[in-house]
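Readers should treat all values here as calculations from the given coordinates under stated rules, not as data from a laboratory. Just so it is clear, the model here is predicted, and its values are computed rather than measured. Cβ placement follows ideal geometry from the backbone for every residue including glycine, while neighbour counts extend to all protein chains displayed.
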Amino acid sequence: MKIRVKLFAILRERAGTAEVIKDLVDGSTVADLWHGLQKDYPKLDVPGIRLLYAVNQNYVALDYQLSEGDEVVFIPPVSGG
Amino acid sequence: MFRVTHQPIDLNEPVCYVTDPEAGAIATFIGTTRNNNEGRRVIALDYEAYPEMAEKELARIGVDAAKKWQICRMAIVHRLGAVQIGEASVVIAVSSAHREAAFAASRFAIEEIKKTVPIWKKEVYEGGEVWIGTQTGQEFKNK
């Protein structure tokens, strides 16, 4: 299944891209996706960073099971305001 | 009105939006960009968002505030892109029949924005730049 990943802020800069399409086996979770991405883009591994996870613009847990066409965003600590 | 914008924020717009004949008070909060942070001289700020989700989360803050306090209307506008020192980065306006609810809801909104809304601020200062929130050590610096 194909998953669209959007990258923002420090993760976008570290990956050198704002969007990645990743092909995953059925049943993959957000955690599986993150591990796969870190293999493709080793600089995404920011030591100690605390991420939140969003699928289709809703916060989810790391064990959330993905579906074809999902849009996933790994959210570094927010700093609006 | 819950939105992000790359344009300078017109301060009147959110205030006009929440104006309501039922209201006896409008509270506003304006976040502005500061020229210093933790002893560093900040020369520029850059805001980035996951815009669709940021607007959704801003609207969620409005819904939650309306559950907690008797407010009439709420508006939140957050600026994106390069923001000059001293300019408004976020404007919150809340109207309510009595002032306590408007004060409380605007305070709630800015605290929630800093916790859950996917917006990120990069500070550019003399000798470097940093994404705020990830700068707990040298290793987090991106450059």
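Under a 10 Å cutoff between Cα atoms, tell me which one of B:THR28, B:THR116, B:THR19 has the largest fluctuation in the Gaussian network model of chain B.
B:THR116
Can you pull out the trypsin sites (Lys or Arg not before Pro) in region A:28-81 that DSSP calls coil and that have at most 12 other Cβ atoms within 10 Å?
Counting only loop positions with at most 12 other Cβ atoms within 10 Å, the trypsin sites (Lys or Arg not before Pro) in region A:28-81 are A:ARG50.
Can you give the FRET efficiency to the nearest 0.05 for B:VAL63 and A:ARG4, using r as the Cβ-Cβ distance and R₀ = 30 Å?
Efficiency, rounded to the nearest 0.05: 0.65.
Work out from phi, with θ = phi - 60° and the Karplus expression 6.51 cos²θ - 1.76 cosθ + 1.60, the ³J(HN,Hα) of each residue of region B:84-100, listed in order in whole Hz, and give x for Gly and Pro.
6, 3, x, 7, 6, 9, 8, 10, 10, 10, 9, 10, 7, 5, 10, 5, 4
So if we plug the beta-carbon distance of B:HIS6 and A:GLN65 into 1/(1 + (r/R0)^6) with R0 = 35 Å, what FRET efficiency do we get, rounded to 0.05?
Working from the Cβ atoms, E equals 0.45.
In square nanometres, what is the average projected area of the Cα convex hull of chain B?
One quarter of the hull surface, i.e. the mean projection, equals 8.7 nm².
Among the GluC sites (Glu not before Pro) within region B:40-133, which fall in a DSSP loop and have no more than 16 other Cβ atoms within 10 Å of their own Cβ?
Those satisfying the criteria are B:GLU87, B:GLU126.
Could you estimate the translational diffusion coefficient of region A:2-75 from the Stokes-Einstein equation, with Rh from the Kirkwood formula over C-alpha pairs, at 25 °C and 0.890 mPa s, in whole µm²/s?
201 µm²/s
Kindly provide log₁₀ I(q)/I(0) values, in the same order as q = 0.11, 0.12, 0.16 Å⁻¹, from the Debye equation applied to equal alpha-carbon scatterers of the protein assembly as shown.
Relative scattering, expressed as log10 I(q)/I(0), comes to -0.60, -0.70, -1.08.
Using a Förster distance of 30 Å, how high is the FRET efficiency between A:ALA18 and B:THR19, based on the Cβ-Cβ distance and rounded to 0.05?
Values: r = 38 Å, r/R0 = 1.28.
My answer for the efficiency is 0.20.
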